[in-house]
Protein chains: 2
Amino acid sequence: MNLASEGGAAADKAPRTERGRKTLQRLIDAAAAEFGELGYHEAGIIGITRRARVALGTFYTYFDSKEAVFRALVREMSRATRAHVAEAVKDAPDRLAAERLGLEAFIAFVRAHPELYRIIEEAQFVAEDVYREHYVSFADAYRRNLAAARQRLQIEGPAGDSEESDEAIAWALIGMSVFLGMRYGLWDKGAKPARIADIAGFLVSEGLRRR
Amino acid sequence: MNLASEGGAAADKAPRTERGRKTLQRLIDAAAAEFGELGYHEAGIIGITRRARVALGTFYTYFDSKEAVFRALVREMSRATRAHVAEAVKDAPDRLAAERLGLEAFIAFVRAHPELYRIIEEAQFVAEDVYREHYVSFADAYRRNLAAARQRLQIEGPAGDSEESDEAIAWALIGMSVFLGMRYGLWDKGAKPARIADIAGFLVSEGLRRR
DNA sequence: CTGAAAGTTGAACCAGTATTCAAGTTCGGG
DNA sequence: CCCGAACTTGAATACTGGTTCAACTTTCAG
């Protein structure tokens, strides 16, 4: 995680020495663990600094408040999630294959980093603006991909304004992923991500109607 | 809302007179408003009792704790949501039509009761067990409907274990609805629910693959 | 070396708020 | 009517946990 450079703490709180950067990183990791395990409200600065093995006051050398770390963390995790999925999808032959690969990667990612997932979702109630930012940027990327795939005649949508339908389809697909991530990544790790991705992939490309 | 009977407060706290039932109801409505506007942690017993126009202590005549009202509220709202959707879907000609009608009703419901929606979602972090209960019961109903529709040859799924695929499809469809509800019911009330439901309906029945 | 800047420390402060309780008021069955 | 049960009241309690700060230590440029 690279949070030290911009995006997170107030500019005047950025560390200026190597020691400072190390300490900041320890605090960030500790905060991720604390928030991930306990949730925003149960988590405490005391817990964060204990995990990071620094004194209580040190926290405020690098962050303005509890909410400030949390926001920084959400932004960083949003970036990490997008990067992970993008990487998994980068050489998919077409959009529908990308859909399948992306979901598989997402479920695996949630299993590997349940705390990131929880933190992003809880942001809905702690810092709604960054939460929206997260999904809006996801949806924008999705919309672009859908439009491109339509251009290449890989997919086709319902009749009517395709701007509007791509937007709605993007949000539908995101919702699918988030809930499948919760169900199979967070709650029950029994099923194989590939199998779940196959099922959802079928739904998205073929639909359920019997022909 | 009927929370007075069972499901909510501890049995020994149930009101025994008409006056008591009235007060309990005022508290429940006040709590729904308070939690819905402020979220669980910003909400306070003081705010709830002020809204209900009763003294602070009266709250504890009917509930054991802040968390107890919240849990009662989530259960009640879960019930109300399911009832509303079931009603809207009850005389749909087939499963795919039901899908479309259910989503339309759900988006409208979220617009009419944004506080219910917020409260249920926040339960994920305040009372995870009731949150799971909510979606698991939704998913169970969904799974039964899917299996019945498959029997009637209205729909068809991917190859392989249909138990597993119905379960996954149920969660995928729930996730779709929840995110479309958030995007079009809570955040942006511009679009017509019917139009969004049409688009999602297309996705679910036809799929995106060009034929 | 050296002194100023950067970093660290943890006790103290403070504000908020869930919960308790003992005293008072209202209700309803006999 | 009357009395005990049901209900209401709000001040007091108890405690939590975010934030501040002044003293102390470490680092590093000149």
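Given 20 °C and 1.002 mPa s, compute D for the protein assembly as shown with the Stokes-Einstein relation, Rh being the Kirkwood radius over Cα pairs; round to the nearest whole µm²/s.
The diffusion coefficient I find is 93 µm²/s.
Between A:Gly207 and residues 5 or more places away or on another chain, which pairs have amide H atoms under 5 Å apart, with H built 1.01 Å from N, and which residues are they?
Amide H to amide H, under 5 Å and 5 or more residues apart or across chains, A:Gly207 pairs with B:Gly207, B:Leu208.
Please state, as a whole number in µm²/s, the translational diffusion coefficient that the Stokes-Einstein equation yields for segment B:127-171 at 37 °C and 0.692 mPa s, with Rh defined as the Kirkwood radius across alpha carbon pairs.
295
Across segment B:53-65, in residue order, what do the Karplus-derived ³J(HN,Hα) couplings come to in whole Hz, using 6.51 cos²θ - 1.76 cosθ + 1.60 with θ = phi - 60° and x for Gly and Pro?
Karplus-based 3J(HN,Hα) across segment B:53-65 equals 6, 10, 6, 3, x, 4, 3, 7, 6, 10, 9, 6, 6 Hz.
Taking only Cα atoms, what is the 0 to 90° angle, nearest 10, from helix B:66-89's long axis to the longest principal axis of chain B?
The helix B:66-89 is inclined about 40 degrees to chain B.
Please go through segment B:142-184 and write out the chymotrypsin sites (Phe, Trp or Tyr not before Pro) that DSSP classes as loop and that have at most 16 other C-beta atoms within 10 Å.
none
Quick one: if you stick a label point 7 Å off each Cα along the C-beta vector at A:Ser137 and A:Thr17, how many nm between them?
So the two model labels end up 3.3 nm from each other.
Say a label goes 7 Å from Cα toward Cβ at A:Asp129 in every copy; what distances in nm does this one have to the rest, shortest first?
Ordered by increasing distance: 3.8 nm.
Need the full-extension length gain, B:Ala194 to B:Ser162, defined as separation in residues times 0.36 nm minus the C-alpha distance. One decimal, nm.
Length difference between fully extended and current span is 8.5 nm.
Could you pull out every residue, at least 5 positions away or on a different chain, whose amide H is within less than 5 Å of the one on B:Asp94? Hs are placed 1.01 Å off N in the peptide plane, and Pro or chain starts have none.
none
Rounded to whole Hz and in sequence order, give me ³J(HN,Hα) for segment A:125-130 from the Karplus expression 6.51 cos²θ - 1.76 cosθ + 1.60, θ = phi - 60°, writing x for Gly and Pro.
Computed from phi, the couplings for segment A:125-130 are 10, 10, 8, 4, 4, 6 Hz.
Provide an ascending nm list, one decimal, of label-point separations from B:Glu42 to the equivalent residue in each further copy; define each label point as 7 Å from Cα along Cα→Cβ.
2.3
Note the distances from A:Ala112 to each other copy's matching label point, with points 7 Å along the Cα-to-beta-carbon direction, in nm, sorted shortest first.
4.5
Using the Karplus equation 6.51 cos²θ - 1.76 cosθ + 1.60 (θ = phi - 60°), what ³J(HN,Hα) coupling, rounded to whole Hz, does each residue of segment A:106-121 give in order, writing x for Gly and Pro?
Taking θ as phi minus 60°, the curve returns 5, 4, 4, 5, 4, 5, 6, 9, x, 5, 4, 4, 4, 5, 4, 5 Hz for segment A:106-121.
Could you work out how much longer the chain between A:Ala147 and A:Glu37 gets when fully extended? Use 0.36 nm per residue separation minus the Cα distance between them, nm to one decimal.
Additional length available on full extension: 35.7 nm.
To the nearest 10 degrees, how steeply does helix A:18-42 sit against the main Cα axis of chain A, on a 0 to 90 scale?
Approximately 60 degrees, to the nearest ten.
Taking one equal scatterer on every alpha-carbon of chain B, how large is log10 of I(q)/I(0) by Debye at q = 0.08, 0.13, 0.17 1/Å?
For chain B at q = 0.08, 0.13, 0.17 Å⁻¹, log10 I(q)/I(0) is -0.34, -0.78, -1.13.
Give the long-range amide H neighbours of B:Ala127: residues separated by 5 or more places, or on another chain, with amide H under 5 Å away, using H modelled in the peptide plane at 1.01 Å from N.
none
Using the Cα atoms as the points, what is the convex hull volume per residue of segment A:65-167 in Å³?
100
Just the Cα atoms of segment B:116-211, one point each, no solvent: what log10 I(q)/I(0) does Debye give at q = 0.13, 0.16, 0.22, 0.24 Å⁻¹?
Summing over Cα pairs of segment B:116-211 leads to -0.57, -0.84, -1.22, -1.28.
Throughout, read-outs are computed from the coordinates displayed, never taken from laboratory work. Predicted model only: the values in this text are computed from it and were never measured. Cβ coordinates were reconstructed from backbone atoms using ideal geometry, including for glycine residues, and neighbour counts include every protein chain displayed.
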